[in-house]
Structure formats: structure tokens, C-alpha cells
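The values are calculated or read from the model by the stated rules, or taken from the named source; none is laboratory data. Bear in mind that the values here come from a model prediction, so they are computed numbers and not experimental data. For neighbour counting, all protein chains shown are included, and Cβ atoms are generated from backbone atoms with ideal geometry for every residue, glycine included.
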Amino acid sequence: MANPKRRHSKARTASRRAHDYLTARSLSECPNCHEQKLPHRACPKCGYYKGREVLAIKEKE
Amino acid sequence: MRHLKAGKKLGRNTSHRRALLRNLVTSLILDERIQTTEPKAKAMRPHVEKMITLGKRGDVAARRLAASYLMTRAAVDKLFDTVAPRMGDRNGGYLRIIRTGWRKGDGAEKAFVELIGSEKAIAEKQHKRAEARAKRREEAKKAMEEAEAQAAPEASPEPESKGESKGDKE
């Protein structure tokens with residue numbers, strides 16, 4: 001069986017992982033309520049998409 | 001290999017997938033708007049468009065073809081009488097898919113599927129539902145108040161007679 005000949009240094013491990021990261025979702029502004037929302041999706045805050053109410057949002061009492 | 005085989009399998013065998021799509025198309029025609037997952041919404045689109053094309057042809061043969069696909073007679077009638085004429089000289093693109101975010105349990109992306117031109121019908125439906133909900137809420141409130149009013153006269157004299165020595169805990 002093939003086995004590693006030498007141990008990896010911490011620096012080698014860390015530099016390999018330098019590119020392992022998550023990127024933030026890009027967001028767009030809802031034209032109705034000006035909250036940040038996901039692009040191409042109905043706004044979860046006000047329920048609007050393309051100038052029309054798409055889903056009714058329950059108001060908290 | 002899957003080369004040139006269009007469409008998604010949706011994790012189902014042929015008969016299951018066909019039944020699912022027929023159900024989706026029938027529901028959409030009857031309800032004008034349905035909520036489903038985004039892959040199902042995209043998979044049903046060509047089927048709905050084919051049905052509407054049949055509806056635009058409007059002859060008896062087309063009606064029978066549509067009836068062999070749609071699940072109910074009512075859906076066929078609605079397709080030929082109200083849905084297809086509404087589409088006018090639009091060539092395809094009869095559906096609108098609006099993504100609404102992810103389902104909590106399994107992270108599936110949900111979407112609304114609407115027939116174009118059904119905005120009014122959907123708004124009316126929403127309005128009716130909101131009214132029914134308000135009515136139900138009011139009735140529940142009334143019932144609760146009545147229950148409280150009934151409970152109060154029975155409960156109130158007792159604490160008063162004992163209450164002064166021990167102190168009210170209510």
C-alpha cells in the first residue's frame with residue numbers, strides 16, 4: 001500500500017486550506033420594502049415580487 | 001447514456017412521474033396557482049403548455065386528447081372554456097414561476113406556479129381566504145370571551161369569601 005513518506009507540516013496544511021472558504025450570498029434590495037432579499041425570489045419580508053403581492057405574510061400579534 | 005433525453009426524473013419511476021405531472025397540471029388548471037418545489041415547477045411547464053395548446057385548438061379531438069391526460073372532467077372544461085381563450089395570441093410562456101425560498105424540513109426550494117392572466121382570480125381567492133380567516137378568528141375570540149364570562153361568575157364568589165384572610169393569588 002502506498003503510504004506517505006513524510007509528515008505534512010502545519011504550514012503546508014494551512015496553505016492548502018487557504019482557498020477553502022465560503023462566499024457570501026449576493027443580495028438585492030426589495031423595491032417595495034427596501035429590505036435586503038435574495039435576487040430572483042419573492043421578498044420574504046413583504047411578500048412582493050415584481051410590483052405585486054405574491055404571498056401574504058402573517059402579521060405577528 | 002442520458003444524451004438528448006430531455007426532462008428530469010424527479011426520483012420517480014415512469015408511472016409515478018407521469019401521475020405526479022398529471023396531478024400537478026390538473027391542479028394548476030383548476031386552481032390557477034399552486035405551490036410546489038422549483039424542480040417540479042420546471043418539469044411541469046412543457047406539459048401545461050401542451051395542454052393549453054390543445055385548448056387553443058378547441059376541436060373535439062383536442063378535447064379528447066386533453067381529457068386523456070388531465071385527471072378530471074372539470075379541468076378539461078376549464079381549460080377549453082376559460083384558460084385557453086385567455087391566452088389569446090401568446091405563443092407559449094403561459095406560466096410564471098416565482099421562487100419563494102427554501103422549505104425548512106429538507107431545504108427544497110419552493111415556488112409558486114401561476115397561469116399568466118390569472119392575477120385577478122388569484123387576488124380574489126386570497127381575499128376570500130383572508131376574509132374567512134378573519135371570520136374564524138373573530139368567532140374564536142367570541143367563544144373564548146363567552147367561556148371566560150361563564151367561568152368568571154362561578155369562580156369569583158369563592159375567592160372573595162376566603163380571599164381576605166389568605167390573600168388573592170389570581
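Kindly check whether there is at least one residue in segment B:42-52 that is of a type in the set (A, V, I, L, M, F, W, C) and either within 14 Å of chain A (Cβ to nearest Cβ) or more than 20 Å from B:LEU30 (Cβ to Cβ) (or both).
So the first thing to find is which residues in segment B:42-52 are of a type in the set (A, V, I, L, M, F, W, C), and the list is B:43-44, B:48, B:51-52.
From the residues that got through so far, the ones that are either within 14 Å of chain A (Cβ to nearest Cβ) or more than 20 Å from B:LEU30 (Cβ to Cβ) (or both) too are none.
The answer is no, given that none of the residues of segment B:42-52 is of a type in the set (A, V, I, L, M, F, W, C) and either within 14 Å of chain A (Cβ to nearest Cβ) or more than 20 Å from B:LEU30 (Cβ to Cβ) (or both).
Let's see how each residue does on (1) of a type in the set (Lys, Arg); (2) within 14 Å of chain B (Cβ to nearest Cβ); (3) touching an Asp or Glu at 6+ places or on another chain (Cβ under 6 Å):
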| position | (1), (2), (3) |
| --- | --- |
| A:LYS5 | yes, no, no |
| A:ARG12 | yes, no, no |
| A:SER15 | no, no, no |
| A:HIS19 | no, no, no |
| A:GLN36 | no, yes, no |
| A:PRO44 | no, yes, no |
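For B:ILE34, state whether it is within 14 Å of another protein chain (Cβ to nearest Cβ), surrounded by 15 or more Cβ atoms within 10 Å (Cβ to Cβ), modelled with pLDDT of 90 or more and touching a Leu at 6+ places or on another chain (Cβ under 9 Å).
yes
When the residues of segment B:67-109 are narrowed to those that are small (Gly, Ala, Ser) and crowded, with 16+ Cβ neighbours inside 10 Å, which ends up nearest to the chain's Cα centre (by Cα)? Break it down stepwise before answering.
Looking only at segment B:67-109, we keep the residues that are small (Gly, Ala, Ser), and these are B:67-68, B:74-75, B:84, B:88, B:92-93, B:101, B:105, B:107-108.
From the residues that got through so far, the ones that are crowded, with 16+ Cβ neighbours inside 10 Å too are B:67, B:75, B:84.
Numbers: B:ALA67: 22, B:ALA75: 15, B:ALA84: 20 Å.
Once the filter is applied, the top-ranked residue is B:ALA75.
Here is a list of conditions, (1) closer than 29 Å to B:LYS104 by Cβ; (2) aliphatic (A, V, I, L, M); (3) loosely packed, with under 14 Cβ neighbours inside 10 Å, and B:ALA43 meets all of them except one; can you say which number that is?
All conditions are met except number (3).
With the requirement that a residue be away from chain B (no Cβ under 14 Å) and either exposed (fewer than 10 other Cβ atoms within 10 Å of the Cβ) or outside any loop (DSSP other than H, G, I, E, B) (or both), what does segment A:21-34 give you?
Result: A:TYR21, A:LEU22, A:THR23, A:ALA24, A:SER26, A:GLU29.
What tally of residues in segment B:46-61 results from selecting those that are out of contact with any strand residue (DSSP E or B) (no Cβ under 7 Å at 6 or more places or on another chain), hydrophobic (A, V, I, L, M, F, W, C) and crowded, with 19+ Cβ neighbours inside 10 Å?
Initial filter on segment B:46-61 (out of contact with any strand residue (DSSP E or B) (no Cβ under 7 Å at 6 or more places or on another chain)): B:46-47, B:49-61.
Going one step further and asking which of them are hydrophobic (A, V, I, L, M, F, W, C), we end up with B:51-52, B:54, B:60-61.
Restricting the remaining residues to those that are crowded, with 19+ Cβ neighbours inside 10 Å gives B:51-52, B:54.
Qualifying residue count for the region: 3.
Give me a count of the residues in segment B:92-134 that are touching a residue at least 24 places away in the same chain (Cβ under 8 Å), basic (Lys, Arg) and assigned to a strand (DSSP E or B).
Total satisfying the criteria: 2.
Given the residues B:VAL113, B:VAL76, which is the only one that is of a type in the set (Val, Ile, Thr), closer than 20 Å to B:HIS47 by Cα and modelled with pLDDT under 95? Walk me through how you get there before you give the answer.
Working: B:VAL76 fails: modelled with pLDDT under 95.
Criteria check complete, one pass: B:VAL113.
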